[in-house]
Amino acid sequence: MSNDRLTSKLVQPKQLLISEGFTAPVGFYDAQPTFSWKLPADATVKSQSRYRIVVATSPELLPDNPDLWDSNVINSSATNFIPYQGLELSSRQHVFWQVKYWNEESIDSHWSEPASFELGLLSNNDWSGKWIEIEQSGPPLRDSFDTPIHIPQYLRTTFTADKSIKSARLYITAKGLFESFINGNRVGTDVLTPGYTPYHKRIETLTYDVTKLIASGENAIGITLAEGWYAGRFGPKRHWHKKQHVTPKALAQLEIEYVDGTRKVVVTNNSWQATQEGPLRRSSLYDGEIFDANFLLESDNASWNEPQYETENASAKWRSVRSSHIESDVLLEPKRHFTSKNKQFLTPVSLQRIDDKIIFDLGQNMVGVTRVNLPMTKGETLRLRFAEGINSDGSLYTKNLGSAAQEDSYIAAKSGVVDWQPQFTFHGFRFVEVSGFDEKEAPQLDWITGIVQYTDFELTGQFTSSDPKLNQLQSNIEWGLKGNFLDIPTDCPQRSERLGWTGDALAFAPTSLFIADSHAFWSAWLQSIREEQFEDHGIPVVVPNEVGEIVQAGWSDAAVTIPWDVYWRTGDERVLRENYAMMKRWILYHQGELENGISKMSTVGDWLQPYSTRKDSRRGETDHGLISTAFYARSLDIVARTATVLKESEDATYYAALFEEAKANFQEAFFDQQGNIKQGQPTQTSYLLAIGFELLSDEVLDAAKAHLMEQFEIAGGHLRTGFLGTPLIAPVLEKIGRQDFALALLFKDSYPSWLFPVSQGATTMWERWDGYTHDKGYVKKAGSLNHYAYGAIGQWMYDRLAGISPLSAGYKKVRIAPIVTTHLSHAGATYQSPHGEIKSYWFLSQDELRMEITIPPNVTASIEVPSVVHVKKIVGTASEIKKLNGVVMVNGSALNAEPTNGVQISQPFELPSGHYVIRVSENNE
Ligand code: RAM
């Protein structure tokens, strides 16, 4: 190879990721990871023709001596989710890798920078410690719901590190919630760890690199432990496991490696000490936290979590701990998605005094806690109450909180400024009522900060348009995600519920996959669904299951739809493989509920459909048999497609045939030949399901289209759908050629509509279209003001208004096809796709449509110039046309037109990676 050739190597690949999108994780969960990278956005790289991955036990061995795996040169354009096929990896192993690629002209790149990952403790056998908790002196207190109250515990031990330290890892988890400290320093910045899983099957563990926190000589480890989801009042049953009295417990293992190669391990065991006499007096997810500074655990200027602290001086407080063995049937597994963190900080926009209370308005309904920084007088109790709304007299509106008190208190031990943020609770709120501060001081906006907490993923999609109301809707959708992606997907974050409702997740998953890098988040929750699948193959409606043996169509089907959504948006086949057995078992369950091809499975119904005349009006008017049978067919269709992707060809044929049969049964039972509903009441949702899931024959479909439009007419041109119908409205209207009507609905702002809550001041998505109105205030059952399900319209806004949607899984082929409408003068989105940044923006002026498009390397775009606008030709600046020349396809053949002549564009044409400006105008110059 000549020197010239060497120096002309291509720019190295970047953003090396492991499995579902992790960068250099420590304590990683996956010993059979997949590898992903991105090609540089560089003019010399259109696509990848080959790649090579090398993996080694140390960076020095790379790239020439990979002792774990060498993929060798592989002819492939794949850059994502390449399975590791090297030597078996084990707990704690530190692994390094590099990758290079060849472009479409077979020119190779430089090697990437080395990336790494370090595995966590992969098996229960890796743990030598025991679960510990305070030795209880009497029966626990009980709250008014008869749920035991677990006063937070402080657990500590000391140890000596007598040699110089090479590295140290803290492996740690809890049955409950924990924070940990070494020598007084907080370990990590995560909140609400270890998170929420089916605790009777699996508890996630965290790993922290604590090398820098360990001192030579005496050290102390401290753990604060609260009840959390595991042991606290949570869910309608008040308790996750009603049969058994559970108490919070902690498990930790500190592993120190000395420079001389020897090791020291410190574990939770009977030698630890514990107290419940610390400042955290109460921590409850629903009810809030109480911190009493009179209980601060300090001696001779040392805190309880520092080595100098002397428990003897405070011996009355400190007791021995009780330990218990690690169960073999409760798996301890490294957390497989991102932890929750303090993600965003909001300053109040206003404050209002009502008597001795101040109401702060954060201007945004949010989820998390507040940090206070305000003056107090010794002995006073600061009281913080949280609500999503205020009443007309300015007081907090708390009626929609159910039994969740959402209240924090701080008791001051001395006068002065208090700086405090709760540890083990979260609230859903926009307004904070504060009382008990030092009345001599004038309240200031910066006395409180709203700390927005959610799963620590990157936001990946931004949508914008010329319409402020539509932009507010987009913002509300995004805040619905921030508010309800706190470790698991929840229905709502504020009332005494906050559960992993599957139906809500089913509606919102595709939208969420655009807004945020939620791949790992969903994959982790899918593991919880697998763990919660009943022996009879049913899927509970809530995961982790807090509600008992309830299986319902349209909700439980999330077990099939979400793996598919994640695969389709990311291109990761593994999510299908991992869930395939569960999906097939779910079909078996559905089949057990069939009678003559019609599903008798119960369903939640088209939840919260407006104007419903059903006895339990929340369940919507759409026939329940129709819903359940439609979802049976839908699940079959997805399982058949999954089988095809996984190359399970016998299965693919089998499920496809079942799908055909289910379609026929569905149509036969519920529709006549004129497309009328035969059974139950005709509703928008019955037609939306039938058309959206493609369950009708061509003739019946043709007739049914008109009936769907009749339903909209009956509703005065409004939607009349609940959780199941709403996500289908826009895509189905488009499918039947009524894009115009989909747009009309989207831009409507009278009740019920997406923009109605916006017009009433909503800053999040609401559970009900009319939760609050300027005229009437909060409706009787206002419900949650932070419920993401109706945010499912986001998907259509991104796919169609901005015009970015996948044509193949993971956006390897992307369709750029914005709908241009005179409702707007511009719209567009930027999306960080698995291959890099995709942009599609359009700007409409009197005589020109301009499209600005960015396609990342290794992606082909199919461009559809909007047909809504009268399109005569495509022209661009000379340089842009140069780019287009020879690659624009018109009617299947290459475009060779002279730049200035322009061309007729009526068919989709393909573009490779690049940045494009396309101008469409009516003039011929
Ligand atoms: C409500 C939840 C959720 C819905 C179920 C059926 O209580 O808030 O949104 O899925 O019930």
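The values are calculated or read from the model by the stated rules, or taken from the named source; none is laboratory data. In this text, all values refer to a predicted model and were calculated from it rather than measured experimentally. Positions of Cβ are generated from backbone atoms using ideal geometry, with glycine treated the same way; all protein chains shown enter the neighbour counts.
Numbers for the structure displayed
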quantity	calculated
Search result, residues across region 603-622 that are within 16 Å of the ligand (Cβ to nearest atom), surrounded by fewer than 16 Cβ atoms within 10 Å (Cβ to Cβ) and among the polar types (S, T, N, Q)	Ser617
Odd one out for Thr764 among (1) surrounded by fewer than 19 Cβ atoms within 10 Å (Cβ to Cβ); (2) among the β-branched types (Val, Ile, Thr); (3) within 21 Å of Pro489 (Cα to Cα)	(1)
Residue check for Gln711: of a type in the set (S, T, N, Q) and not in a helix (DSSP H, G or I)	no
Breaking point among (1) surrounded by fewer than 24 Cβ atoms within 10 Å (Cβ to Cβ); (2) within 16 Å of the ligand (Cβ to nearest atom), for Ser475	(2)
All helices (runs of 4 or more DSSP H) inside region 721-791 with 2 or more residues being within 26 Å of Ala690 (Cα to Cα) and away from the ligand (no atom under 16 Å from the Cβ)	729-735, 739-746
Selection within region 133-178 - in a strand (DSSP E or B) and free of Cβ contacts under 8 Å to residues at least 60 places away in the same chain	Leu141, Arg142, Thr160
Top-ranked residue in region 493-504 [being within 9 Å of the ligand (Cβ to nearest atom) and touching a Gly at 6+ places or on another chain (Cβ under 7 Å); ranked as nearest to Asp572 (Cα to Cα)]	Gly503
So Ala442, is it assigned by TED's automatic domain parsing to the domain that holds Ile358 and out of contact with any strand residue (DSSP E or B) (no Cβ under 8 Å at 6 or more places or on another chain)	yes
Output for region 482-492, where each listed residue is within 11 Å of the ligand (Cβ to nearest atom), part of a loop (DSSP other than H, G, I, E, B) and in contact (Cβ under 8 Å) with a residue 40 or more places away in the chain	Asp491, Cys492
Enumeration of residues in region 560-576 that are within 16 Å of the ligand (Cβ to nearest atom) and in contact with a Lys or Arg (Cβ under 8 Å, 6 or more places away or on another chain)	Thr561
Failed criterion for Arg530 (all others in (1) among the charged types (D, E, K, R); (2) in a helix (DSSP H, G or I); (3) surrounded by 24 or more Cβ atoms within 10 Å (Cβ to Cβ) hold)	(3)
Region 776-793 residues that are under 17 Å from Trp501 (Cβ atoms), paired with ones that are among the acidic types (Asp, Glu) and away from the ligand (no atom under 16 Å from the Cβ) (beta carbon under 9 Å, 6 or more apart)	Gly791/Glu478
Candidate set: region 623-633, residues that are over 15 Å from Val551 (Cβ atoms) and crowded, with 24+ Cβ neighbours inside 10 Å; chosen: the one farthest from the ligand (Cβ to nearest atom)	Ala633
Matching residues, region 87-106, being surrounded by fewer than 18 Cβ atoms within 10 Å (Cβ to Cβ) and farther than 21 Å from Leu10 by Cα	Leu87, Glu88, Ser90, Ser91, Arg92, Gln93, His94
Residues satisfying the stated conditions in region 320-358, i.e. outside any strand (DSSP E or B), within 30 Å of Ala31 (Cα to Cα) and of a type in the set (Asp, Glu)	Glu327, Asp329
Condition check for Phe723: farther than 29 Å from Gly597 by Cβ and crowded, with 17+ Cβ neighbours inside 10 Å	no
Residue identified as within 16 Å of the ligand (Cβ to nearest atom), hydrophobic (A, V, I, L, M, F, W, C) and either crowded, with 20+ Cβ neighbours inside 10 Å or modelled with pLDDT of 95 or more (or both) among Ala507, Ala520, Ala524, Ala516	Ala507
Matching residues, region 577-602, being surrounded by fewer than 23 Cβ atoms within 10 Å (Cβ to Cβ) and within 16 Å of the ligand (Cβ to nearest atom)	Ser602
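One line per residue, one yes/no per condition, for (1) within 25 Å of the chain's Cα centre (by Cα); (2) modelled with pLDDT under 95:
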{"site": "Ser315", "(1), (2)": "no, yes"}
{"site": "Leu346", "(1), (2)": "yes, no"}
{"site": "Val367", "(1), (2)": "yes, no"}
{"site": "Val372", "(1), (2)": "no, no"}
{"site": "Glu380", "(1), (2)": "no, no"}
